[in-house]
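Reviewing the structure listed below.
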Amino acid sequence: MRIIIDTDPAMGTLAGDPEDSFAIMLAINSPEVDIEGITVVQGNVPAEKGFSNASHLLDLLGRQDVPLKRGCLRPMNPRRSTQIRWLERRYDSRQIVEKVEPTGKDADAVSFLLETVLAAPGEISLVTIGPLTNVAVAMQRSPDFARSVKRIVMMGGTAECAGNISPAAEFNYWQDPDAADIVFRSGADLTMVGLDVCHQTHLSPEQLQESTRSGTALGKFVQEATEPWFNARSRGGSRSLHLYDSLATAVAINANLVTLEDSYVEIETGDGPAQGMSVSHHKRFQRAIFGHAETNARVALDVEAETFSNLFRDRVLAFILNER
Ligand code: RIB
Ligand code: CA
């Protein structure tokens, strides 16, 4: 299976959400997957930091051969002041990895997405584990992009539960609601892996300590990068990390991990308190009432959490433990 991972990796930025990088490790250690490239987008951290973080991870994994591209630096709508403030505050966060600047075409993730997908229509899937800015800009630049992509498996949104960044919205869609709206209207084959299922996945600090104890370069980096995050979570009362992005990646590999329902999903693009909310009409009677004859996505409503957890243990935790 040929995939591009579109991501906002913060492992490498102290107190940043480390989770995208586990998803990258999962993809890299999955024999079913050929990674065509990794495109970095604004989100958890500014894309400048995300690019350095991804570059460091690929170095540690010995996978400098994977094309790495930096994409959009801001949400599509320059008036999204709360989201832009969120991003700008993260320029102050301390980096524990070397700063790496992309040169030439490596600074143009959108062109990479367009060229790679349009050269192989129907063959390449996107796994999006950050805001959808890069993907939506690619859709705007070429009307062929949405129909040429094989499918898009997205970590984002919520089908039935509350949000995480706001009471209404999940972070990835909230951070660029206009982009999410473009993607849901695009006609591409979409799978939404939202909070409903991601919140059933957990990684405890003890599990991670066990896998980093061998003290390899990768183990030390993971330990150093994740400690502040776990400490912050402990203060908030929850000691485990949800594996949002890893679950979406696992679903791209094996859709049977989740129960999917056809749905018509709309994104709230107003600038009120529900901005970025995903409104999922996966109940047939709701589609009938609100006149949505068509569906535009499949949404995940339940997950085989233990099967996923075993997969994560075998392909990520065991890898961190044994990597030399
Ligand atoms: O809402 C969860 C998403 O935002 C994930 O992609 C994770 O990386 C987080 O920051
Ligand atoms: Ca992410």
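Highest mobility in the GNM of the chain, judged by mean-square fluctuation with C-alpha springs under 10 Å and restricted to 16, 104, 219, is found for 104.
Put simply, the convex hull of the Cα atoms in the chain casts, on average, a shadow of 15.3 nm². In the stretch 195-297, the portion of solvent-accessible area held by carbon and sulfur atoms comes to 48 percent [1.4 Å probe, whole percent, DNA, RNA and ligands not counted]. Taking the square roots of five times each eigenvalue of the Cα gyration tensor of the stretch 101-160, the equivalent ellipsoid has semi-axes of 20, 16, 10 Å, listed largest first.
If Lys and Arg each add +1 and Asp and Glu each add -1, what is the summed charge of the other residues whose beta carbon sits under 14 Å from the beta carbon of residue 307? Local net charge: -2. In the stretch 172-255, taking the dipole from charged Cβ atoms about the Cα centre, the farthest positive-side position among 238, 182, 199 is held by 238.
For the stretch 133-168, the residues whose amide N sits under 18 Å from a probe point set 7 Å from the Cα of residue 185 along the beta carbon direction are 133-147. Length gained on full extension, residue 65 to residue 93: 7.2 nm, using 0.36 nm per residue less the C-alpha separation. Here the ratio of the Cα radius of gyration of the stretch 233-324 to 2.2 N^0.38 Å is 1.45.
Simple point charges give the picture: +1 on the Cβ of Lys and Arg, -1 on the Cβ of Asp and Glu, and for the stretch 165-238 a dipole about the Cα centre of about 300 debye. In a fully extended conformation the segment linking residue 15 and residue 310 would gain 103.5 nm over its present Cα-Cα distance, using 0.36 nm per residue.
A simple charge model with +1 on the Cβ of Lys and Arg, -1 on the Cβ of Asp and Glu and nothing else charged puts the dipole of the chain at about 420 debye relative to its Cα centre.
Here is the size of the stretch 28-77 from its Cα atoms: Rg then Dmax, 12.0, 39 Å.
DSSP loop (so not H, G, I, E, B), at most 15 other Cβ within 10 Å: list which GluC sites (Glu not before Pro) in the stretch 136-223 pass both filters. Please list the in-between numbers first.
Working: sites: 160, 170, 206, 210; in loops: 160, 170.
Here the sparse-neighbourhood loop sites are 160.
Regarding the stretch 167-243, what's the average projected area of the Cα-atom convex hull, expressed in nm²?
Mean orientational projected area (the stretch 167-243, Cα hull): 7.2 nm².
Per the Kirkwood formula applied to alpha carbons, the stretch 1-116 shows a radius of gyration over Rh ratio, Rg over Rh, of 0.96.
The values are calculated or read from the model by the stated rules, or taken from the named source; none is laboratory data. None of these values were measured; they are calculated from a predicted model. Ideal geometry is used to build each Cβ from the backbone, glycine not excepted, and the neighbour counts take in all protein chains shown. Please note that ligands, DNA and RNA were not included when accessible areas were found on the heavy atoms of the full protein model with its side chains. Shrake-Rupley method; radii C 1.70, N 1.55, O 1.52, S 1.80 Å.
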